[in-house]
Amino acid sequence: MSNELLMFLLMFWWLSMGLGAAKMGRDWLQTFIVVSYICLYATNAKMIDIFGFTTLIGIPIYAGIFLATDVLTERYGKQAGYRVIWISLAAGITFTTCAQAALLFKPEPFAQEIHNAMALLFDAALRIIAAGFVAYIIAQRFDIWFYHWIHERTGENRLWLRNNASTLTSQLLDTVIFITLAFYGTIPNDSLIQMIAVGFVGKAIVAVCDTPFMYLAKKLTPLDMK
Amino acid sequence: MSNEILFIAFLLLALSLPVLFSKGGKMWLYIYIGMSTCILLPIVPLTAEVFGYTVSLSTLLWAPNFLATDILAEKYGKKAAHGGVLVHVLAPYLVILLVHSVLLFTPASGSTQIHQSISEVYQYSIKITVIGTLVYGMSQFLDIWIYDYLHKLTGEKFLWLRNNASTLFTTLFNNIAFWGLAVGSVLDNWLAIALAAYAVTVVVAICDTPFIYLAKKLTPLDMKQPNNLGDTVR
């Protein structure tokens, strides 16, 4: 299968998972967001070519995370949204600490190979996790603030407007901060700018695709509210 | 640093994590359990020699999950603890779905090495997840059954007995079944690995007693001010 087809499949798959978490209720939404984020940062060092452009693997996963975050703030309020940012940060720091601590041990001879692979992966992940979380905190706080700012002005209608406007602006912020911090110096500046552009366009497509899922999620009655 | 000192430091770190997360409340404990399954999957094959035994480092992070479910049961009731078990069973499937979907993509020319590292680190993750969650689910079922049985047999007294006896027995079952099924066909010394893992579990189970008292003393943030954070009260 081509990367393009796979990307769309993975995106819709992850959106459906987000929808499932929305149905199950608040605990599930938060766990879904945090687990997705951690896995994303453990694998996000991998780059792929899509439509002739080089970009990061994480874009389809972001779709599910955007959806889950928007459902969380829409349904449970601003503070719930702010809180999940800090929970993700704490989980990310814990994940990195544990991974690095496990790598301090001198492995058995037969585990040496897996130790090396893990060291390569998690050392690459270290800078990406740090950059990712700086970008994530700034962008998500802005996203939630802007979402509620629009909500206060336009009322209950125009879910699509606050959903898309907040996600698009905050992801522009996120992409610029993340890619600059994560890759500045390791790749030429030309491709840095290209990666930002491609990353933002990818996330913009993903953000628009999650709109019907957002309306579906709004219709669902979560199990913990029945 | 020698592996032994690292082992003790890692043990203290692993045990204080659930206590720290329990300060945040129920949600934070669920997140802790979900997070720990993310880290468990890649490090199960990572083994080191500690005090002359071959120990998988994952056991050190796996065993404190029992502390987390104990805190959940102690503070939020049996239903919350079952929620913790469910997170432990379901979260690894989310991880392998994500990681193995990521591996399907053809990597860009610059990142073949990263791609290979990911596939090497997560090469056993499907097997580990299926066996691990099956065995864990079964042993939790067994745990509740033994706990109940001892409860009927000895009455209200002997809380420490049913608590420790059920956990020590089920983790023996859990470790032997898990390591037997996971590496039994590959490594001849799987029983030694399983027993070493069980020994680590026992050490963790005994060492966690002060930590559970500590967690009991802490007032979680979600119990202090139920309405102050804009939450729905549950």
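Neighbour counting of Cβ atoms within 10 Å sorts the residues A:E113, A:E152, fewest neighbours leading, into A:E152, A:E113.
Counting beta carbons within 10 Å around each of A:Y62, A:Y37, B:Y53 and listing the fewest first gives the order B:Y53, A:Y62, A:Y37.
Residues in region A:137-151 carry Karplus couplings, in order, of 4, 5, 5, 5, 4, 5, 4, 5, 4, 5, 3, 6, 4, 5, 4 Hz; the curve used is 6.51 cos²θ - 1.76 cosθ + 1.60 with θ = phi - 60°, and Gly or Pro positions show x. Inter-chain Cβ neighbour count for A:106-116, averaged per residue, equals 5 (cutoff 10 Å, partner chain atoms only).
Spin-label model, B:Y147 to A:R141: label points 7 Å out along the Cα-to-beta-carbon direction sit 4.0 nm apart.
Candidate cross-link partners of A:K23 among the lysines, defined by an alpha-carbon separation under 22 Å and a same-chain spacing of 8 or more, comprise A:K78, A:K218, A:K219, A:K226, B:K26, B:K79.
To the nearest 0.05, what FRET efficiency results for B:D188 and B:S119 with a Förster distance of 30 Å applied to their C-beta separation? Display every interim value, and only then the final one.
On the way: r = 26 Å, r/R0 = 0.88.
For R0 = 30 Å, the calculated efficiency reads 0.70.
Taking a ≥ b ≥ c as the square roots of the eigenvalues of the alpha-carbon gyration tensor, the protein assembly as shown is classed oblate because a/c is 1.5 or more while a/b is no larger than b/c. Residue exposure proxy: A:W86, A:W145, B:W28, ordered by other Cβ atoms within 10 angstrom of their Cβ from fewest to most, comes out as A:W86, A:W145, B:W28. FRET efficiency for the pair A:R153 and A:T221, taken as 1/(1 + (r/R0)^6) with r the Cβ-Cβ distance and R0 = 35 Å, rounds to 0.80. Taking amide H as placed 1.01 Å from N in the peptide plane, A:M47 has its amide H under 5 Å from the amide H of B:A108, B:S111, each at least 5 places away in sequence or on another chain. Rounded to the nearest 0.05, the FRET efficiency derived from the C-beta distance between A:Q194 and B:K217 at R0 = 41 Å is 0.15.
Could you pull out every one of the lysines with an alpha carbon less than 21 Å from that of A:K203, ignoring same-chain neighbours closer than 8 positions? Within the straight-line limit of under 21 Å, A:K203 reaches these lysines: A:K46. Each residue of region A:10-15 was assigned a 3J(HN,Hα) from its phi angle through the Karplus expression (A = 6.51, B = -1.76, C = 1.60, θ = phi - 60°), giving 5, 5, 5, 4, 6, 5 Hz with x at Gly and Pro. With θ taken as phi - 60° and the Karplus curve 6.51 cos²θ - 1.76 cosθ + 1.60 applied, the whole-hertz 3J(HN,Hα) list for region A:29-38 is 4, 5, 4, 4, 4, 5, 5, 4, 4, 5 Hz, x standing for glycine and proline.
Taken together, the values in this text are just the output of simple stated rules run on the coordinates, not laboratory data. Note that this is a predicted model, so its numbers are computed, not measured. Virtual Cβ from ideal backbone geometry, glycine too; neighbours counted across all protein chains shown.
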